[in-house]
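Worksheet: one structure, shown below.
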Amino acid sequence: MAKGIEIRSAHFPGRAPIDAYGNGGFRFADMSHRGSILCLPSGIHGWDMTVETPLDVAHFQMVLDQAADIEVLLVGTGPNLRPLPAALKTALKAKGISSDPMSTGAAVRTFNIMLSESRAVAAALIAV
């Protein structure tokens, strides 16, 4: 019996530096992903987020779920810095996560450096 194509959530099961970003996506681990990503201890996940989407707690649930392994969350907010809403900062801080919003380019560069230092870093990167 023939099986159809199985569509699964985008997920790379490991930690990897981001090799490139732009044109609406990212390159990492010899792969490319169109759209935004979450770089978490459990791997790199596709993230349904755009620069127009409000930064609210619900969009960061995967980060909060893995808080035990995250000390710093870098939030790449697109081409420009967007401040994090107070409710989101409070939810992250309650889980022991320090949050740092910046442009996506700055977040990619900082993430790669902190990852190379084996720091407990995660990144929420909005595609540009």
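Derivation of every value follows stated rules applied to the coordinates shown; laboratory data play no part. Remember, predicted model here, so these are calculated numbers, not experimental data. Cβ atoms come from the backbone with ideal geometry, glycine included; neighbour counts cover every protein chain shown.
Counting only DSSP beta bridges whose two residues both lie in the chain, roughly 65 percent are antiparallel. Along its three principal directions, the equivalent ellipsoid of the chain from the Cα gyration tensor extends over semi-axes of 23, 16, 16 Å, largest first.
Full extension of the chain between LYS95 and ARG109 gives 2.6 nm of extra length, using 0.36 nm per residue less the Cα-Cα distance. Inverting the pair-averaged 1/r between distinct Cα atoms of the range 48-106 gives 11.6 Å as its Kirkwood hydrodynamic radius. Report, in debye and to the nearest 20, how large the dipole of the range 23-72 comes out about its Cα centre when Lys and Arg carry +1 and Asp and Glu carry -1 on their Cβ. Roughly 220 debye, rounded to the nearest 20. Amide H to amide H, with H built 1.01 Å from N, GLY43 comes under 5 Å of GLY14, counting only residues 5 or more places away or on other chains. The angle separating the long axis of helix 104-116 from the principal Cα axis of greatest extent in the chain is about 90 degrees.
Under a 5 Å amide H cut-off, with hydrogens placed 1.01 Å from N, HIS11 pairs with GLY46 among residues at least 5 apart or on other chains. With Cα atoms defining each centre, the range 69-125 and the range 44-68 are spaced 11 Å apart in the structure. In plain terms, the chain from GLU117 to SER32 could stretch by 28.2 nm, reckoned as 0.36 nm per residue minus the Cα-Cα distance.
What does the helix-only formula give at 222 nm for the chain: each DSSP H stretch with n ≥ 4 adding -39500 (n - 2.57), the total divided by the residues, and the result rounded to the nearest 500 deg cm²/dmol?
After summing the helix terms and dividing by residue count, I get -6000 deg cm²/dmol.
Basic side chains Lys and Arg get +1 at the Cβ, acidic Asp and Glu get -1 at the Cβ, and with that the dipole of the chain about its Cα centre reaches some 40 debye. For the chain, set up a GNM with springs between Cα atoms under 10 Å and report which of VAL63, VAL51, VAL75 has the largest fluctuation. Top of the fluctuation ranking is VAL51.
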